[in-house]
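Enquirer: Quick one: this structure, given as structure tokens, is what I'll be asking you about.
The values are calculated or read from the model by the stated rules, or taken from the named source; none is laboratory data. Not measured: the values here are computed from a predicted model. Here the Cβ positions follow ideal geometry from the backbone for every residue, glycine too, while neighbour counts run over all protein chains shown.
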Amino acid sequence: MPPNRRKYRRPLGERRYRKLFIVATEGVKTEPQYFAMLNEHHSVIRMDCIKSNHRSSPLQVLKRMKDRLKQETLKNSDEAWLVVDKDQWTDEQLAQLHRWSQDADNYGFALSNPKFEYWLLLHFEDGTNIGSSRECSARLNNHIPGYDKGLEVRKFTPDMVEAAIRRAKVRDNPPCADWPRTLGSTTVYKLVENILSERP
């Protein structure tokens, strides 16, 4: 007589679907660390952060996203976002990313001007009167001494993230239709708000 096998029974009731955010970033280290932190705080989502092995242009970020979407079918409730810096990129390059983001309701395009560090700075201060990319880094360094493209995520509390969203909205008023054109502005808050809205 064959030995009794334990039967696996699926738990009754459906498990809540974990919303997927696919985020393609320009940065190799900082952005993935930041979004991984948000993912840990909100276990009801799945974060797939696509990063490059080297610094890349916005069009390379877009290509990596398109390649990933060929492998991963998004549900209507899932979201795919491109996250880039203004830096020296041209309006023509950025317009291609913006056009892609208009292809579907669950696509998004977030840009920080001059760079992602500006979004991080808003966790600590209002971020006014930013004159250059270098000044943005220097001011962030005042709050995170020794900051060098790496995050000590414990420094970013949920209250600080909420404060950054509020400050970014003040700077993006009225909300830009495509991407922030002036130094000292960012639309990363739109993506972060969507992530936080998935809190249980």
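Enquirer: Output the qualifying pairs, or none if there are none: Cβ atoms under 9 angstrom, residues six or more apart or on different chains, first residue in region 145-157 and closer than 15 Å to residue 115 by Cα and modelled with pLDDT of 80 or more, second residue of a type in the set (Asp, Glu) and surrounded by 13 or more Cβ atoms within 10 Å (Cβ to Cβ).
Expert: 147/117
Enquirer: While we're on this one: Tally the residues that are more than 16 Å from the chain's Cα centre (by Cα), surrounded by 20 or more Cβ atoms within 10 Å (Cβ to Cβ) and either among the aromatic types (Phe, Trp, Tyr) or part of a loop (DSSP other than H, G, I, E, B) (or both), restricting the search to region 169-200.
Expert: 1
Enquirer: Moving on. Which one is nearest to residue 31 (Cα to Cα) among residues in region 111-158 that are among the small types (Gly, Ala, Ser) and outside any loop (DSSP other than H, G, I, E, B)?
Expert: The qualifying residue nearest to residue 31 (Cα to Cα) is 112.
Enquirer: Something else: What residue, of 133, 137, 101, is crowded, with 16+ Cβ neighbours inside 10 Å, under 16 Å from residue 86 (Cβ atoms), touching a Lys or Arg at 6+ places or on another chain (Cβ under 7 Å) and not aromatic (Phe, Trp, Tyr)?
Expert: 133
Enquirer: Pull up region 68-105, narrow it to residues that are assigned to a helix (DSSP H, G or I) and among the basic types (Lys, Arg), then point me to the one that is nearest to residue 179 (Cα to Cα).
Expert: Restricting to residues being assigned to a helix (DSSP H, G or I) and among the basic types (Lys, Arg), the top hit is 99.
Enquirer: Go through region 74-98 and give me each residue that's surrounded by fewer than 22 Cβ atoms within 10 Å (Cβ to Cβ), farther than 18 Å from residue 197 by Cβ, within 18 Å of the chain's Cα centre (by Cα) and of a type in the set (D, E, K, R).
Expert: The answer is 87, and nothing else.
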